[in-house]
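The values are calculated or read from the model by the stated rules, or taken from the named source; none is laboratory data. Since we're looking at a predicted model, the values are computed, not measured. Every residue, glycine among them, receives a Cβ derived from its backbone with ideal geometry; neighbour counts consider all protein chains shown.
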Amino acid sequence: MSCKMNYKAFIKLLKTRKSDDRVEVGGMEMRERILLVEDDAEIARIICDTLRQEEYEVTWATTGLEGWEDFQQGQYDLLLVDWMLPEMDGIAICRNVRLVSDIPIIMISARKEDVDKVEGLGMGADDYLAKPFSLAELKARIVSQLRRWRRYQGEEVRSPKSIYEHGLIIDWEKEMISLNDSEVFLTPKEFELLKLLANHPQRVFTKEALYENIWQQLDVGGTHTVTVHIKALREKLQDPVKTPYFIQTVWGKGYRFIGELL
């Protein structure tokens, strides 16, 4: 929070409304899994206790990097993330999660300006909750986002294979690649790179974003690693750099997948 008095008032607000503000959810048995990324232990404890009383399964991460690792390793239905976090901020988490998942993200922050809300929503958050907030409002927004997520999941259907021009076939279930009817053997990192790029056609990924997502580490000299793996992937896909069929270099920015589905 921006000042000590406001922080104390916020904690008092959460504590006083912890047990008497309940949200009706139509008699549903709530077993959705929520990942909370919050570095303030007192705020996190109150939120965790309250959501567990509502029958949610809650995992708490204390840093941005820990939250990103928890997300990669677990299965969650909603992400509740603070903006200001050590190691990796909430904006970076939103950006990284959106590269691999469409789960609801609610960002909580002491930043109240419209420009901050626009930035948070622009980076992939579905909702923005400014501190101080009541637990009743938080729970209501969680219920709303999960309701939309359940409807979305009921509509989403993915083909087990993607077939592209120039002979490329990706079997997502078997994690197998073939080119002109011959199997292409990729390393795990090469496959993850191709998967991330192909799942977001025409979207430009910086080397830093690719490194953070595939290697699950903050970029500390990792751009060379990405360059080496992209080069190897292109060679195996017989994809010329100057006239590519699949992976295009966007000079000064990064890479994007340009394969055309049949």
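Structural remarks
- The set of residues in segment 198-237 being touching a Gly at 6+ places or on another chain (Cβ under 9 Å), within 19 Å of E175 (Cα to Cα) and part of a loop (DSSP other than H, G, I, E, B) consists of P201, W215.
- Selected residue [exposed (fewer than 15 other Cβ atoms within 10 Å of the Cβ), among the acidic types (D, E) and under 18 Å from V100 (Cβ atoms)] from E173, E192: E173
- The C-beta contact set for segment 239-260 (first residue within 20 Å of I163 (Cβ to Cβ), second residue surrounded by 11 or more Cβ atoms within 10 Å (Cβ to Cβ) and among the acidic types (D, E), distance under 9 angstrom, 6+ apart or interchain) comprises Y245/E165; Y245/D239; Y245/E260; F246/D239; I247/D239; G259/E165; E260/E165.
- Residue selected from segment 67-88 under the condition among the charged types (D, E, K, R) and surrounded by fewer than 17 Cβ atoms within 10 Å (Cβ to Cβ), by the criterion modelled with the lowest pLDDT: E87
- Residue satisfying condition, being in the same structural domain as K139 (by TED's automatic domain parsing), buried (at least 16 other Cβ atoms within 10 Å of the Cβ), over 17 Å from the mean Cα position of the chain (by Cα) and modelled with pLDDT of 90 or more, within set L36, L51: L51
- Beta carbons closer than 6 Å, at least 6 apart along the sequence or on distinct chains, pair a first residue in segment 164-175 that is assigned by TED's automatic domain parsing to the domain that holds L237 and among the β-branched types (V, I, T) with a second that is surrounded by fewer than 17 Cβ atoms within 10 Å (Cβ to Cβ) and part of a strand (DSSP E or B) for I169/I163; I169/S178.
- Check on F185, surrounded by fewer than 15 Cβ atoms within 10 Å (Cβ to Cβ), modelled with pLDDT of 90 or more and farther than 21 Å from A92 by Cα: yes
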